[in-house]
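Heads up: the structure comes next, in structure tokens.
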Amino acid sequence: MYKIASLPGDGIGVEIIPEAIKALKAIGERFGHEFSFTEALVGGAAYDAVGHPLPAETLELCRNSDAVLLGAIGGPKWDELPVHLRPEVGALLPLRKELGLYANLRPCILFPGLIKASTLKEEVISGVDLLVIRELTGGLYFGEKKREPLPGGGEKATDILSYSTFEIERIVRFAYRAARRRRNILCSVDKANVLESSRLWRETVTELAREYPDVETTHMYVDNCSMQLIRNPRQFDVIVTENMFGDILTDEASMLTGSIGMLPSASIGGTVALFEPAHGSAPDIAGLNKANPLATILSAAMMLRYSFDLEQEARVIEQAIHQILDQGYRTPDLMEEGMTMLGTSAMGDLVAAAIEDQKENK
Ligand code: IPM
Ligand code: MG
């Protein structure tokens, strides 16, 4: 029995989570696993209901679960709240920190059926399969933040960016282990030509590289990396980088997969891991049954792989998605001429059915 905390959150979060649950239930049926789902409030929805975006009961539930499945949080309705009550700073960041989730994995894999869905040229993105490992509990996101009035008028705002050797070593070792299970190439991304934290980052990576002689280590400045990702993405296997750079580069890298609606993520490092799509709550399309649930369903596959060690089951989900895309089914974000457009729930139904079908074919 696997206990899963389900936190739909805000916006399209409430539409995509049920689709991932359908896929997990189909896996349970097929392989004889029992998944139990307990839903809890998070984000703006939690603020509206109980006055705080991360209620103590929600955190408690996550701690007592085997894994957490999160939809998305935030929206214009809560943007004007004092910063500690905003869904991002008041819920998502403390959730990551409290659960000790220092490693965020964002695999960018192009399903062949989607080669025309991207805005990028086919010959550039064909065969893309890279993994970004983003440090998730340090850096600018968690450094001291302050505002001071200036005597001459106006204000001064400060965000501190700091990293310790321990934090860097921990995430970089994680990335080396991941590279060893893949193609043995690690690119560490920093801004060591300007930032002190990046110089410590680079020195630490250089030091650790000696322990992993079988992995090819390279260093790249973040500005160059953002260009290389769309110039020649196949050069990358594993990218490891700090929190803020990882946030920005993964939105960019999502376009290599056709849509940000295809990018899943796993946040791990503590005793309970958290799985969520890399995209946000998309208030503009919320409630319209237009959201692409595939990033969330792929995040559920990552849950099977990383939290429950069910590799075969994870692949069955990925294969089901592969099959449906090959058959020409698309959510609006992936739509092209000649394809069949589906809403959020119909796409989720098809994935669950494809998981089941594979059973019948056996
Ligand atoms: C992400 C998101 C979050 C982040 C936001 C919602 C705080 O953009 O997971 O990439 O910046 O980490
Ligand atoms: Mg982001």
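The values are calculated or read from the model by the stated rules, or taken from the named source; none is laboratory data. Because the structure is predicted, anything quoted here is derived from the model rather than measured. Positions of Cβ are backbone-derived with ideal geometry, glycine not excepted, and every protein chain shown enters the neighbour counts. Only protein heavy atoms, including side chains, enter the accessible area calculation; ligands, DNA and RNA are left aside. Shrake-Rupley method; radii C 1.70, N 1.55, O 1.52, S 1.80 Å.
Points worth noting:
- The amide H of T331, built 1.01 Å from its N in the peptide plane, has L342 as neighbours under 5 Å, considering only residues 5 or more places off or on other chains.
- The simple spin-label model puts a point 7 Å past each Cα toward its Cβ; for E196 and E98 those points are separated by 3.3 nm.
- Region 121-259, accessible surface, carbon-and-sulfur percent (1.4 angstrom probe): 53
- Each residue of region 100-113 was assigned a 3J(HN,Hα) from its phi angle through the Karplus expression (A = 6.51, B = -1.76, C = 1.60, θ = phi - 60°), giving x, 8, 7, 10, 10, 9, 10, x, 10, 10, 8, 5, x, x Hz with x at Gly and Pro.
- Calculated on the Cα set of the chain, radius of gyration then Dmax: 20.4, 75 Å.
- Cα gyration tensor, region 240-362 - rounded (a/c under 1.5), prolate or oblate: oblate
- Integer Hz, Karplus 6.51/-1.76/1.60 couplings in order for region 45-59, x for Gly and Pro: 4, 6, 4, 4, 7, 10, x, 9, x, 10, x, 4, 5, 5, 4
- Shape parameters for region 118-257, alpha-carbon atoms, Rg then Dmax in Å: 16.9, 58
- Here's how it looks for I239: its modeled amide H is under 5 Å from those of L131, V132, I133, C187, which are all 5 or more places away or on a different chain.
- Under-18-angstrom lysine pairs by C-alpha in the chain, whenever the two are 8 or more apart or on separate chains: 8
- Each peptide in 3-13, 27-37 receives the mean, over its residues, of other Cβ atoms within 10 Å, and ordering these scores from highest gives 3-13, 27-37.
- Considering helices alone, the calculated mean residue ellipticity of the chain at 222 nm is -12000 deg cm²/dmol, with DSSP H runs of length four and up weighted by -39500 (n - 2.57) and normalised per residue.
- Other-chain or far-sequence residues with amide H under 5 Å of L136's (modelled H): A103, N104
- Its residue count N sets the reference 2.2 N^0.38 Å, and the alpha-carbon radius of gyration of region 58-98 equals 1.26 times that reference.
- Sites matching GluC sites (Glu not before Pro) across region 277-362 that sit in DSSP coil, with at most 13 neighbouring C-beta atoms within 10 Å: E336, E337
- Relative contact order [Cα under 8 Å, 6+ residues apart], the chain, whole percent: 22
- Probe 1.4 Å - accessible area at R183, Å² to nearest ten: 110
- Per residue accessible area in Å² of the chain, where ligands, DNA and RNA are left out and the probe is 1.4 Å: 43
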